[in-house]
1. Using helices alone, I'd like the mean residue ellipticity at 222 nm for the chain: each DSSP H run of four-plus residues gives -39500 (n - 2.57), total over residue count, nearest 500.
2. Only bridges with both residues in the chain count here: give the DSSP antiparallel percent, nearest 5.
3. Kindly list the residues of the range 507-532 that lie in the label zone of Glu578, defined by a backbone N under 18 Å from the point 7 Å along the Cα-to-C-beta vector.
4. Enter the per residue convex hull volume of the chain, computed from alpha-carbon coordinates, in Å³ rounded to the nearest integer.
5. Would you rank Glu176, Glu578, Glu395 by solvent-accessible area, highest first, keeping every protein chain in place and using a 1.4 Å probe?
6. Helix 318-334: angle to the longest alpha-carbon principal axis of the chain, degrees 0 to 90, nearest 10?
7. In nm, to one decimal, how far is the modelled label at Ala84 from the one at Thr233, with both set 7 Å along Cα→Cβ?
8. Grab the beta carbon distance between Arg299 and Arg72, set R0 = 60 Å, and tell me the FRET efficiency rounded to 0.05.
Amino acid sequence: MAMAALPTYLLLILVILRPAAASQPPTSEPPPPPLPPPGAGVAQTDVRLSAVYAPLSPSFSVRAVPSHPSLRQAIAFYTRLIRAERHAPLVPPANYTLSRVPVRLLALSVSDPDVALGPAVDESYTLSVLPDSGSADISAATPWGAIRGLETFSQLACAGGGAASGGQPIVPSGIEISDRPHFTHRGILLDTARNFYPVRDILHTLRAMAFNKLNVFHWHITDAQSFPIVLPTVPNLANSGSYSPTMRYTENDVRHIVSFAASFGIRVIPEIDMPGHTGSWAGAYPEIVTCANKFWAPRAEPALAAEPGTGQLNPLNPKTYRVAQDVLRDMVALFPDPYLHGGADEVNTACWEDDPVVRRFLAEGGTHDHLLEVFINATRPFVAQELNRTVVYWEDVLLGPKVAVGPTILPSETTILQTWNNGPENTKRVVAAGYRAIVSSASYYYLDCGHGGWVGNDSRYDKQEKEREGTPLFNDPGGTGGSWCAPFKTWQRVYDYDILHGLTDDEAQLVLGGEVALWSEQSDETVLDGRLWPRAAAAAETLWSGNKGSIGKKRYADATDRLNDWRHRMVGRGIRAEPIQPLWCPLHPGMCNLSQ
């Protein structure tokens, strides 16, 4: 069967460079291709892996000319992984011919080794395993594309069966893969302020991200609950705002995380959320924080915050900007990425009104929108012009239902908006206004949703009977159970989301990509892997390869088989990903589908 034409923006070429003359056709399906699979729109039935496999030599090595510091680290990691891993696919290849010539060398060639890691960097690569040559090749324009090729090669290798392979890993021989991502921004947001994550667990997550070809770690470092990063100019923010001295990130911690991420081609975008979500600043600078340390939902009065705890920066206090600029300047010194996330979500009007100076401002004709405009005008130009960073804000800064600013103070050239409300509708509104967008729609990409409520003393759980006919409420069967963004986002819901839905071609060009988000009110390092994986892997595939086959049909059936095997492999690599089906299902392909 001839392969259907693939979209021009992404290519897959699986070429059998030399047919296996003596081989017999497999009696079962070949193992799933790498995840994400190369290219876009590739269904399992389109993939023709060679029926010839070559063993990997015990002396297998990787060589790069020219080299690069991050690439050298990646080579060392993947050389160890490929030599040691003995992944047995759930449905192994059958009746293949084993080449007599083992693969001893994987040669990397990079045409421009000095390209810095940054937005829209070229991650394309071509990988070939030459028949009976003892070698394989990866060619890429940049070190970052070469790192993606290394991951693909590592996934092509699997455990050989029988005495012929000598127990060594084997790789399909006589193939060529040309590959590049659909979206340049493919990320995970991790919130380390609600609950703290040790450095080792952040590094563990970065490694898992590399396995899935994700390339952005959005580090939501601070929030109302804690300020865990030690900044040299304003150290008291962490001294007074972190949970404890053992729950802080030092300068050395940050540099280690950034360097480790770069060795896998992953950018680290830091977020310091402000002016809202800044209650943790009040321990060091109480004079610049309004409504700090108050009960968040007073009876018969407007709530002071979206959740405990309270506090946000006062735009009318000049000291606010001296402290904020010190924070931003220190962040840029620690984080080299061209993007800096400034938050600006969920500004609470009641919290501002708790301050007498703000009340006087409002009584004299000022507005909440004007207050936010004052803050943005005093901080955004500083970041964009003096610190030379592109500013990322949550969509609220433009689309907030209660407080927002006009587009005149948010130049689209130096501003990116991250969407999280109303699914495709708000993405459409952002790009229609001319802004680049990062999509993190809560209805699809929030991985913390569906775990119930977490505020205490909640009598709503007492109700055992249905509250009313019609739409289920809070504690009803099928209700939210206290989770504002219920239900739990299954991998299928993540996978099937089209972040370009409803956009024109011109609007779609402004969507940089997407991020799944793990907010940490109910998670820490003990549950981290299960919260993220394999649901983040489902997002990784759609952001790299798309979620449609070559004829434009969603390929969730193929994705199920692929994700089952990939979850099995991730567990073998030390990532405690949740199972998505009983083991019986992948061992009986197609039998667990709803339809055939």
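The values are calculated or read from the model by the stated rules, or taken from the named source; none is laboratory data. Since we're looking at a predicted model, the values are computed, not measured. Methodologically, a virtual Cβ is constructed for each residue, glycine included, from the backbone with ideal geometry; neighbour enumeration extends over all protein chains shown. Note: areas computed on protein heavy atoms with side chains; ligands, DNA, RNA excluded. Shrake-Rupley method; radii C 1.70, N 1.55, O 1.52, S 1.80 Å.
1. Details: 18 runs with 169 residues, N = 596.
Dividing the helical sum by the residues of the chain leaves -8000 deg cm²/dmol.
2. Details: 18 of 68 bridges.
So the antiparallel bridges in the chain amount to around 25 percent.
3. 516-532
4. Details: hull volume 99.0 nm³, N = 596.
About 166 Å³ per residue, rounded to a whole number.
5. Final ranking, largest accessible area leading: Glu578, Glu176, Glu395.
6. Relative to the chain, helix 318-334 is tipped by roughly 10 degrees.
7. 4.2
8. Details: r = 61 Å, r/R0 = 1.01.
After rounding to 0.05, the efficiency reads 0.50.
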